[in-house]
Amino acid sequence: MEKGSTQSLWAVLDAHNKLRADPTAYVPLLEAKLEKFQGNKIEIKPNFFLVTKEGPDAVKYVYINLFFREAIKFLEKQKPIGELKMSKALNKAAQDHANDTGINGINGHTGTGKYSYLIQ
């Protein structure tokens, strides 16, 4: 598969493979993100904030912190595993599904033809 028009797919695949090869390398990245939270906002770059869906609800803000902390604890214990390979067939199936469901406002794994990934 060519890297040209599918650059973002390759970026996702590369990120997955880096995580699979060295899970603990992501711990500092998550810790750094966690430190950037200010209430219900996270600083993406200097003076540029993303407001989370959780809003000012303290319970949900704690949940975000717990999620990051749980992910960090999980990654610290993981061993490296094999890398993923790009698949033309899976890429096409995913794109076809996105084209079918997106234009029809469908969410989930079942398309307009009532097909499902379970029977593909």
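The values are calculated or read from the model by the stated rules, or taken from the named source; none is laboratory data. Worth saying up front: this structure is predicted, and the values here are computed from it rather than measured. Every residue, glycine among them, receives a Cβ derived from its backbone with ideal geometry; neighbour counts consider all protein chains shown. SASA here: full protein model, heavy atoms, side chains in, ligands and nucleic acids out. Shrake-Rupley method; radii C 1.70, N 1.55, O 1.52, S 1.80 Å.
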Scan of segment 96-120 for residues that are under 19 Å from the mean Cα position of the chain (by Cα) and either at pLDDT 90 or above or open to solvent by 100 Å² or more (accessible area, probe 1.4 Å) (or both), ordered by number: Asn107, His109
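Only one of these is modelled with pLDDT under 75, open to solvent by 60 Å² or more (accessible area, probe 1.4 Å) and touching a strand residue (DSSP E or B) at 6+ places or on another chain (Cβ under 6 Å): Lys60, Lys36, Lys53. Name it. Walk me through how you get there before you give the answer.
On the way: Lys60 fails: touching a strand residue (DSSP E or B) at 6+ places or on another chain (Cβ under 6 Å); Lys53 fails: touching a strand residue (DSSP E or B) at 6+ places or on another chain (Cβ under 6 Å).
The conditions single out Lys36.
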Expected output for segment 1-26 (first residue closer than 12 Å to Lys85 by Cα, partner at pLDDT 85 or above and part of a helix (DSSP H, G or I), Cβ below 6 Å, 6+ apart or cross-chain) is Met1/Lys88
Could we say that Pro28 is open to solvent by less than 90 Å² (accessible area, probe 1.4 Å), closer than 30 Å to Ala89 by Cα and modelled with pLDDT of 80 or more here? no
Segment 63-90 residues that are part of a helix (DSSP H, G or I), paired with ones that are modelled with pLDDT under 90 and open to solvent by 70 Å² or more (accessible area, probe 1.4 Å) (beta carbon under 6 Å, 6 or more apart): Lys88/Met1
